[in-house]
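Chemist: Before we start, here is the structure in question, set down as structure tokens.
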Amino acid sequence: MNASDPLVQSIVSAVLQKPKYANIQPALVASLAQRELAKGRKPRDAVKEVSAKLHQIGAAYFKLTPQYARWTAELQNLPKDPAHEDTRAFCQRVMQAHSSTAERLPILEDFFKETLAAIAPLESLDDLACGLNPLALPWLPLARGARYGGCDIFSDLVGFDNAFLAHYSIRADLQPADLFAYTPKKPAQLALLLKSLPCLEQLEKGRGQALLENAPAACVLASYPIRSLGGRSKGMRQTYAAQFEALTAGKKWKITRFDFPSELAYLVEK
């Protein structure tokens with residue numbers, strides 16, 4: 001059964017009719033629908049399972065309903081300097097809307113400064129499953145004229161991120177795509193995989209390792225959350241440290257570990 005099969009498409013349509021999934025890439029929805037149907041699920045049950053998976057890997061991370069139109073309007077009145085205090089205040093406020101970036105705010109002043117010190121300044125990066133991380137621009141050690149590529153499954157989010165980066169004259173090339181379908185146009189100095197490896201492994205076992213190996217970038221900054229969305233730690237730092245060590249076992253890479261109060265990060269230099 002392929003993605004164009006009428007039954008698959010009926011499930012895609014049913015899922016995309018739900019407001020919180022309306023802007024997710026149809027190709028990802030179709031792929032998940034195919035898997036559920038291959039398990040023998042009935043169409044109604046497949047819709048439920050696909051919706052649940054999309055919630056788990058994407059929608060659940062929005063703490064607040066995104067206000068892209070309002071944020072874009074506000075952006076027009078901001079200075080063109082990403083280091084300006086008004087820009088920084090705007091970025092911090094908007095990043096509160098997404099759990100991944102909201103959790104990083106208390107350590108933001110140090111996170112990229114410490115993890116990327118060995119390879120800064122960055123000429124190019126691919127932010128994979130970027131969320132609202134492009135708004136960390138004031139804290140990223142980018143070189144003048146740097147290229148900022150990457151992807152996310154929400155097309156409206158990608159549109160806003162590109163508009164934000166363009167406002168600050170960054171060569172923005174974020175694409176609406178999932179990590180299974182995303183193909184960078186050119187290699188980058190750095191690939192960001194911030195808190196996305198657990199989601200990849202939920203979708204397909206072994207996918208995280210394949211992405212680490214094949215990401216067309218000289219370096220990868222990967223990170224893991226150490227608390228659930230509900231705020232419980234449950235030994236996650238130890239669990240994810242073991243998982244990452246297993247993913248990179250036997251690789252002749254230089255790997256540097258960084259332990260922050262709210263995040264575990266690794267810089268992989270290939």
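Chemist: For region 21-35, what does the Karplus curve 6.51 cos²θ - 1.76 cosθ + 1.60, with θ = phi - 60°, yield as ³J(HN,Hα) per residue in whole Hz, taken in order and with x for Gly and Pro?
Modeler: Values, residue by residue: 10, 4, 9, 7, 4, x, 4, 5, 4, 5, 4, 5, 5, 4, 5 Hz.
Chemist: Next up: Please give the helix 236-248 orientation as an angle from the longest Cα principal axis of the chain, in degrees from 0 to 90, rounded to the nearest 10.
Modeler: 90
Chemist: Let me ask another. Counting only DSSP beta bridges with both residues in the chain, what percent are antiparallel, rounded to the nearest 5?
Modeler: 45
Chemist: Can you tell which of Asn77, Asn23, Asn133 shows the greatest fluctuation in a Gaussian network model of the chain with Cα springs below 10 Å?
Modeler: Highest fluctuation among the options: Asn77.
Chemist: Can you tell me which aspartates and glutamates have their Cα less than 16 Å from the Cα of Lys53? Leave out same-chain residues fewer than eight positions away.
Modeler: Partners within reach: Glu36, Asp45, Asp152, Asp178, Glu201, Glu204.
Chemist: Of the residues Gly145, Gly235, Gly131, which exhibits the maximal mean-square fluctuation in a Gaussian network model of the chain defined by a 10 Å Cα contact cut-off?
Modeler: Ranking Gly145, Gly235, Gly131 by mean-square fluctuation puts Gly235 first.
Chemist: Then there's this: Can you compute the helix-only [θ] at 222 nm over the chain? Use -39500 (n - 2.57) per DSSP H run of at least 4 residues, normalise by all residues, nearest 500 deg cm²/dmol.
Modeler: Helix-only estimate at 222 nm: -12500 deg cm²/dmol.
Chemist: I've got another one for you. In terms of Cα to Cα distance under 30 Å, which lysines are near enough to Lys251, apart from those fewer than 8 places away along the same chain?
Modeler: Within reach: Lys113, Lys185, Lys186, Lys195, Lys205, Lys234, Lys270.
Chemist: Next question. Tilt of helix 43-57 relative to the longest C-alpha principal axis of the chain, in degrees (0 to 90, nearest 10)?
Modeler: Here the helix axis deviates by roughly 10 degrees.
Bear in mind that the values in this text are calculations on the coordinates, not laboratory data. Given the structure is predicted, the values throughout are model-derived calculations rather than measurements.
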